[in-house]
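The values are calculated or read from the model by the stated rules, or taken from the named source; none is laboratory data. All values reported here derive from a predicted model rather than from experimental measurement. Cβ placement follows ideal geometry from the backbone for every residue including glycine, while neighbour counts extend to all protein chains displayed.
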Amino acid sequence: MTEIPTAGPLSDEAVLEDDKKAGRSAHAAKTTASTETGKVQRSEAEWRQRLTPEQYHVLREKGTERAFTGALVNNHTDGVYRCAACNAPLFKSGTKFESGSGWPSFFEPISPDAVALHEDSNQGMRRIEVTCATCGSHMGHLFPDGPKPTGQRYCVNSASLDFEKQ
């Protein structure tokens with residue numbers, strides 16, 4: 001398992017230096033948000049600056065937090081779960097259920113176009129990756145073992161979510 005640093009976001013200089021070492025140009029640091037499509041695009045430097053190291057690891061590097069450690073695993077408050085990267089609404093609390101998996105689990109997204117699904121064959125298995133449809137950030141995976149009415153389990157990292165109480 002990758003060790004996740006616990007320090008806060010990197011300084012602008014450190015992020016730009018990291019991008020330079022990785023061969024990313026400084027002009028790629030511009031943020032773009034299309035008003036026509038509603039999509040959010042940022043450079044890796046901007047993501048690193050906006051997100052905590054754990055969030056960056058999960059959302060941008062497709063990492064996974066340890067089971068039963070996330071802040072939202074045992075959250076039972078009414079509200080909306082939003083993408084921690086771009087604030088797009090993803091899940092309603094009424095669709096959250098106790099899966100016993102150690103990660104927040106939902107049986108459906110807030111709307112059919114809130115998340116995108118992608119085949120994921122990493123780690124020697126075939127799974128369905130769930131990403132935020134607005135910014136493309138990694139949320140978790142979809143499994144066909146959820147409750148009715150959908151039979152689906154969106155298994156999502158707490159680090160990829162923010163919660164808005166209603």
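What number of residues within segment 79-100 are part of a loop (DSSP other than H, G, I, E, B), within 17 Å of the chain's Cα centre (by Cα) and surrounded by 16 or more Cβ atoms within 10 Å (Cβ to Cβ)?
In the first step, residues of segment 79-100 are kept if they are part of a loop (DSSP other than H, G, I, E, B); the result is 84-88, 98-100.
If we keep only those that are within 17 Å of the chain's Cα centre (by Cα) too, we end up with 84-88.
Narrowing further to those that are surrounded by 16 or more Cβ atoms within 10 Å (Cβ to Cβ): 84-86, 88.
So the count comes out to 4.
If you scan segment 101-119, which residues turn out to be touching a residue at least 40 places away in the same chain (Cβ under 8 Å) and either surrounded by fewer than 17 Cβ atoms within 10 Å (Cβ to Cβ) or not aromatic (Phe, Trp, Tyr) (or both)? Let's see the steps before the verdict.
As a first pass, look at segment 101-119 and keep what is touching a residue at least 40 places away in the same chain (Cβ under 8 Å): 101, 103-109.
Within segment 101-119, Ser101, Pro104, Ser105, Glu108, Pro109 meet the criteria.
I need the strands (runs of 3 or more DSSP E) fully contained in segment 121-166, keeping only those with at least 3 residues that are more than 24 Å from Thr77 (Cβ to Cβ) and free of Cβ contacts under 8 Å to residues at least 24 places away in the same chain.
127-132
Yes or no, residue by residue, for (1) assigned to a strand (DSSP E or B); (2) at pLDDT 95 or above; (3) more than 19 Å from the chain's Cα centre (by Cα):
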| residue | (1), (2), (3) |
| --- | --- |
| Glu3 | no, no, no |
| Glu13 | no, no, yes |
| Gly23 | no, no, yes |
| His27 | no, no, yes |
| Ala45 | no, no, no |
| Arg60 | no, yes, no |
| Thr77 | no, yes, yes |
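Do the conditions hold for Gln166, that is, is it at pLDDT below 95 and either over 26 Å from Gln41 (Cα atoms) or in contact with a Gly (Cβ under 8 Å, 6 or more places away or on another chain) (or both)? Reasoning before the result, please.
Details: at pLDDT below 95: yes; either over 26 Å from Gln41 (Cα atoms) or in contact with a Gly (Cβ under 8 Å, 6 or more places away or on another chain) (or both): yes.
Taking the combined requirement at face value, the residue satisfies it.
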Residue within segment 145-155 that is under 21 Å from Pro53 (Cα atoms), touching a Leu at 6+ places or on another chain (Cβ under 7 Å) and surrounded by 21 or more Cβ atoms within 10 Å (Cβ to Cβ) present: no
